[in-house]
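So the structure is just underneath, and the comments pick up after that.
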Amino acid sequence: MNISLPKKFRNFVKERVDRGEYRSASAVIRAGLLLLQESILERDKRQGDHDNRMWELKKKHLKSLDISVDDVQRWDRAPKPRKAHATQRMRDT
């Protein structure tokens with residue numbers, strides 16, 4: 001795989017290798033991708049935790065309103081009424 005990097009990233013990679021922090025440019029890129037992967041996985045985990053908390057709050061709220069989760073899911077799947085076109089509304093009046 002070949003990749004192209006902007007000059008500022010090429011310089012950054014070269015500096016890391018020149019300082020002896022990494023053995024090769026590939027090692028610098030791998031380290032950066034590992035950090036990116038960890039960051040994305042952590043973000044996804046936080047989002048999943050947030051979604052779960054929101055779902056639990058919604059269920060609690062629905063229960064307080066004496067509405068079941070099944071009712072809400074049925075409402076979500078129900079066909080939405082179509083809006084009448086302006087000319088149709090004029091003819092109806």
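Where the second residue is modelled with pLDDT of 95 or more and outside any helix (DSSP H, G or I) and the first is more than 18 Å from LEU33 (Cβ to Cβ) and of a type in the set (Gly, Ala, Ser) and lies in region 9-23, which pairs have Cβ atoms under 7 Å and are six or more apart or on separate chains?
The qualifying pairs do not exist here.
Conditions: (1) surrounded by 10 or more Cβ atoms within 10 Å (Cβ to Cβ); (2) more than 18 Å from ILE3 (Cα to Cα); (3) modelled with pLDDT of 90 or more; (4) not polar (S, T, N, Q). VAL28 meets all but one. Number of the miss?
(2)
Among the listed residues LEU35, LEU65, LEU57, which satisfies the condition of being hydrophobic (A, V, I, L, M, F, W, C) and modelled with pLDDT of 90 or more? Reasoning before the result, please.
Values: LEU65 fails: modelled with pLDDT of 90 or more; LEU57 fails: modelled with pLDDT of 90 or more.
After ruling out the rest, the residue left standing is LEU35.
If I filter region 1-25 down to residues being assigned to a loop (DSSP other than H, G, I, E, B) and of a type in the set (Gly, Ala, Ser), which single residue comes out as surrounded by the most Cβ atoms within 10 Å (Cβ to Cβ)?
Of everything passing the filter in region 1-25, SER24 is surrounded by the most Cβ atoms within 10 Å (Cβ to Cβ).
The values are calculated or read from the model by the stated rules, or taken from the named source; none is laboratory data. Values in this document were obtained by computation on a predicted structure and should not be read as measured data. Cβ atoms come from the backbone with ideal geometry, glycine included; neighbour counts cover every protein chain shown.
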